[in-house]
1. Let me know the shape class of the range 101-170, please: from the alpha-carbon gyration tensor, a ≥ b ≥ c as square roots of the eigenvalues, rounded when a/c is under 1.5, otherwise prolate if a/b is greater than b/c, or oblate.
2. Can you give the alpha-carbon Rg of the range 6-51 over 2.2 N^0.38 Å, where N counts its residues?
3. So for each of 8-15, 295-302 I average, over its residues, the number of other beta carbons within 10 Å; can you give me the resulting order with the highest mean first?
4. If I fit a long axis through the Cα atoms of helix 55-91 and take the longest principal axis of the Cα atoms of the chain, what angle between them do I get, 0 to 90°, rounded to 10?
5. Output the Kirkwood hydrodynamic radius of the chain, Cα pairs only, in Å rounded to one decimal.
6. Let a ≥ b ≥ c be the square roots of the eigenvalues of the Cα gyration tensor of the range 153-260; is it rounded (a/c under 1.5), or, if not, prolate (a/b larger than b/c) or oblate?
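What follows draws every value from the coordinates through simple rules; no lab data is involved. None of the values given here were measured: they were computed from a predicted structure. Note that we place each Cβ from the backbone using ideal geometry, even for glycine, and neighbour counts take in every protein chain shown.
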Amino acid sequence: MKRKIFYIYNPNTLSYERVYPSFRKKVFTVLRHLIIGIIIGFLIFTIFNYFIDSPQERLLKQENQTIKAQYKLLSRRLDEALKVMSDIQQRDDNLYRVILQAEPINAAVRNAGLNNEAQYKELMKLSDAELIVSTTRKVDLLTRQLYVQSNSIDELVKLGQQQEDRLKSIPAIQPISNKDLKKTASGYGLRIDPIYNTRKFHAGMDFASDIGTPVYATGNGTIIETGWKQGYGNTILIDHGYDYKTRYAHLSAIKVKNGQKVSRGEEIGLVGNTGKSTGPHLHYEVIYKGKHDNPINYYFFDLSPQDYDKMIQIASNQGRIMD
């Protein structure tokens, strides 16, 4: 590009004379072009910097998009895993622990330590912080619940190993031979007192039988009480463990002693008519966790479903007790 040449008309000589710029003007012209160049360069740099990515920036953005997609996929999979864990927890609390008579695990135990916001403070500084923190929370929750559930399974395994001994120990048969159920006299609940003729709570079941009829331990256990007890006459109390005890009253003879180990079906005494009694019979009680329970619920090794229903009807229809 040719540099522009300027001329000026001289009226004295009646001719055009070439104009040579002064040094100051030259400097000004150079500075003007330099400033314009800088401004244009800055604008071009800004446009490229904000609107056009470099190869390295494009690669980083692709990697960020990939990581974000992976986080979203991980978050969905964690949701599915937590749903499965919730189902396991429901079965644990409402099935396995019910069967093994263990207390359910408190929700506070399963989620302990997960409300500490400080542990996510550094993550809040990252891009896509909400997604990252949400996913991290789910990982922490699943980790905690897996730990608790693993311990729960270990506990249930131990309880299952104890279950065989427990099944041998809890009351599970009738205390006398009563296959035809004809010896069932009166059941558990409110009944008419045979002596005072008033309604009273009958804390066990009565089995009418001849004096001398064998009385059997209804589960494995240890004899913890024998002898005369007011109202009960000659009495035996067995501690079966696992919070179960059974009492056998109005006996004519006691064939065991305190501290003796007995097994289910072992003869421990004889039916009698001692204490507050209107005729030969056995008064039988089941005590669970310190409270009387209906003995009719503890004959599952002895009765078929049909006999069980029949016994319930007999026990319910007998309004008068024998002690």
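1. Numbers: a/c = 5.80, a/b = 3.99, b/c = 1.45.
In terms of gyration-tensor shape, prolate.
2. Output field value: 2.01.
3. 295-302, 8-15
4. Approximately 10 degrees, to the nearest 10.
5. Roughly 28.2 Å, rounded to one decimal.
6. On the way: a/c = 1.98, a/b = 1.68, b/c = 1.18.
Judged from the Cα gyration tensor, the range 153-260 comes out prolate (a/c at least 1.5, a/b above b/c).
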